[in-house]
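The values are calculated or read from the model by the stated rules, or taken from the named source; none is laboratory data. Remember, it's a predicted structure, so these values are computed and weren't measured experimentally. Here the Cβ positions follow ideal geometry from the backbone for every residue, glycine too, while neighbour counts run over all protein chains shown. Side chains included, ligands, DNA and RNA excluded: accessible areas come from the protein's heavy atoms. Shrake-Rupley method; radii C 1.70, N 1.55, O 1.52, S 1.80 Å.
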2 protein chains.
Amino acid sequence: MSTVYTRPLARLIEQLQRLPGVGPKTAQRLALHLLKRPDSEVQALAQALLEAKQQVGLCSVCFHLSAEPVCEVCRAPSRDEGTLCVVADSRDVIALEKTREYHGKYHVLGGLISPMEGIGPEQLHIQPLIQRVSQTAVEEVIMAISPSIEGETTTLYIAQLLKPLTKLKGAKVTRIAFGLPMGGDLEYADEVTLARALEGRRELD
Amino acid sequence: MSTVYTRPLARLIEQLQRLPGVGPKTAQRLALHLLKRPDSEVQALAQALLEAKQQVGLCSVCFHLSAEPVCEVCRAPSRDEGTLCVVADSRDVIALEKTREYHGKYHVLGGLISPMEGIGPEQLHIQPLIQRVSQTAVEEVIMAISPSIEGETTTLYIAQLLKPLTKLKGAKVTRIAFGLPMGGDLEYADEVTLARALEGRRELD
């Protein structure tokens, strides 16, 4: 099919296909679209790619994505220093920030413990978390990790490490609630979710 | 939401959102994916974008996308000079090339006549088509244009211009068949398609 795509177009389609969720058809559609756009638009995209990759690293305190050595959340004086929310990935910070309901700080682990994928605790930012909790005036550590096998393992592993520390400080370790999603239908919820919802029941006040 | 995305990440998401079919969620997913990839991969994508935009222009003969002044199809000595397939867009050339069933040459109009969008015949590559047909040994011009209102208008407009020329040469102007798609179910075909399928019936041989 050498005549199907002229070479630079073929290369662009090939590169676009490496993106998640982009197959050959979508890659072709995107590439042909871009060829029709003004030079400036394509240059802006290329530059945004290079700059994001060059400038965005990890916050040295919480390991969230940041273009500064310390991220905006960690620098914000308005955020509650006493609450620390532990998440697996930067995308979880973004999701929580979008709720506008959380005003504490974060700690991004950079993944979950997964023996299957050869990821042990030492590959995650767990040691810095322990240090952070022991060295700062944390009153509550909220574990906000998805309830998968890896998530449960990671949550329990970290909770065990934190317990002695938080006991000394009179701080607590909590985890987010699992249950029926809002708008979810009890009838169609799977059994595990329902069991967790029952288990997590609270008194009405 | 200033703390949600660090600035270079926000810019990248903004740029990705300009792509067709990419909403805020997909843009975020793509951006976070790219930040996790090696530098070399992101650079390869940025370079492919810039090079494609810089190097790919239109073939001076058929107006198909090409990195060379004359495209591969037009240069190929193996392609039948006597058959010319007229299409609206380069993506139609790509679709036809993928069938591997067509061995003639192409002519890309660069759009369709559309008074609604202010596109008249003079904005399309119709004049060069007339010249090409009059100056080369074309035996058949195949109109391969989608059967929309704009497509029909364009097909009929071009056919009228070509008729006197092809009559002189003893050449013919044809159009691709419209009918039931392969694997299509007669019961579920719309009436217009069925009518076209009936109208285009052929004797079994």
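First compute the accessible area of the protein assembly as shown with a 1.4 Å probe, then give the percent of it belonging to carbon and sulfur atoms. Within the protein assembly as shown, the accessible surface is 54 percent carbon and sulfur.
Comment: the Cα-to-Cβ extended label point of B:GLU14, at 7 Å, lies 3.3 nm from its counterparts in the other copies, nearest first.
Spatial offset of the range A:1-74 relative to the range B:98-136 amounts to 33 Å, using the alpha carbon center of each. Of all the options A:HIS107, A:HIS125, A:HIS64, the one that moves most in a Gaussian network model of chain A with Cα springs shorter than 10 angstrom is A:HIS125. For chain A, with a Gaussian network of springs between Cα atoms less than 10 Å apart, report the residue from A:GLY82, A:GLY184, A:GLY21 with the top mean-square fluctuation. Answer for the Gaussian network model of chain A: A:GLY21.
Inter-copy label distances at A:GLU68, using a point 7 Å along Cα-to-Cβ, come to 5.4 nm with the shortest given first. Close amide-amide hydrogen proximity is noted between B:ILE119 and B:SER114, each under 5 Å apart and 5 or more residues distant or on a separate chain (H modeled in the peptide plane; Pro and chain starts excluded).
Rounded, prolate or oblate, given the Cα gyration tensor of the range B:39-132, with a/c below 1.5 counting as rounded? Walk me through the numbers on the way to the answer.
Details: a/c = 2.12, a/b = 1.33, b/c = 1.59.
Since a/c reaches 1.5 but b/c is at least a/b, the shape of the range B:39-132 is classed as oblate.
I'd like the Kirkwood hydrodynamic radius of the range A:7-55, using the inverse of the mean 1/r over distinct C-alpha pairs, in Å. Present the calculation step by step, with values, prior to reporting the outcome.
Values: mean 1/r = 0.0873 Å⁻¹.
Evaluated on the range A:7-55, it is 11.5 Å.
A label point on A:PRO164, set 7 Å along the Cα-to-Cβ line, lies at 9.8 nm from each of its counterparts in the other copies, closest listed first. Residue-level result for chain A: its Cβ closest to the axis carrying A onto B, with that distance in Å, is A:ALA46, 2.
Averaging sequence separations of C-alpha pairs under 8 Å and six or more residues apart, then dividing by the length of the range A:61-175, give the relative contact order as a whole percent. Walk me through the intermediate numbers first.
Values: 164 pairs, mean separation 29.9, N = 115.
With pairs under 8 Å counted, the relative contact order is 26 percent.
Over the range A:65-199, one equal point on each Cα, no solvent: what is log10 I(q)/I(0) by the Debye formula at q = 0.11, 0.14, 0.20, 0.21 Å⁻¹? Computed log10 I(q)/I(0) values: -0.44, -0.71, -1.29, -1.36. Partner lysines whose Cα lies under 22 Å from the Cα of A:LYS167, excluding those fewer than 8 positions away in the same chain, are identified as A:LYS105.
Using alpha-carbon pairs under 8 Å, 6+ residues apart, how would you state the relative contact order of chain B in percent? Relative contact order here is 12 percent. In this assembly, the B-A interface accounts for approximately 5300 Å² of buried accessible surface in total, computed with a 1.4 Å probe and without ligands, DNA or RNA.
Under the classification rounded if a/c is under 1.5, otherwise prolate if a/b is larger than b/c and oblate if not, where does the range A:82-144 fall, given a ≥ b ≥ c as square roots of the Cα gyration tensor eigenvalues? Oblate is the answer for the range A:82-144, as a/c is 1.5 or above yet b/c matches or exceeds a/b. Bridgeable aspartates and glutamates around B:LYS169 (alpha carbons under 13 Å apart, same-chain partners fewer than 8 residues away excluded): B:GLU139, B:GLU140.
Between B:THR155, B:THR26, B:THR99, the residue with the greatest mean-square fluctuation in the GNM of chain B (Cα pairs under 10 Å linked by springs) is B:THR26. Remark: the protein assembly as shown carries 58 Å² of accessible area per residue (probe radius 1.4 Å; ligands, DNA and RNA excluded).
Comparing the full protein assembly with the isolated chain, the residues of the range A:43-88 losing at least 40 square angstrom of accessible surface (1.4 Å probe) are A:LEU45, A:ALA46, A:ALA48, A:LEU49, A:LEU50, A:ALA52, A:LYS53, A:VAL56, A:LEU65, A:GLU72. Charge tally for B:GLU117 (other residues, Cβ to Cβ under 15 Å; Lys, Arg +1; Asp, Glu -1): -2.
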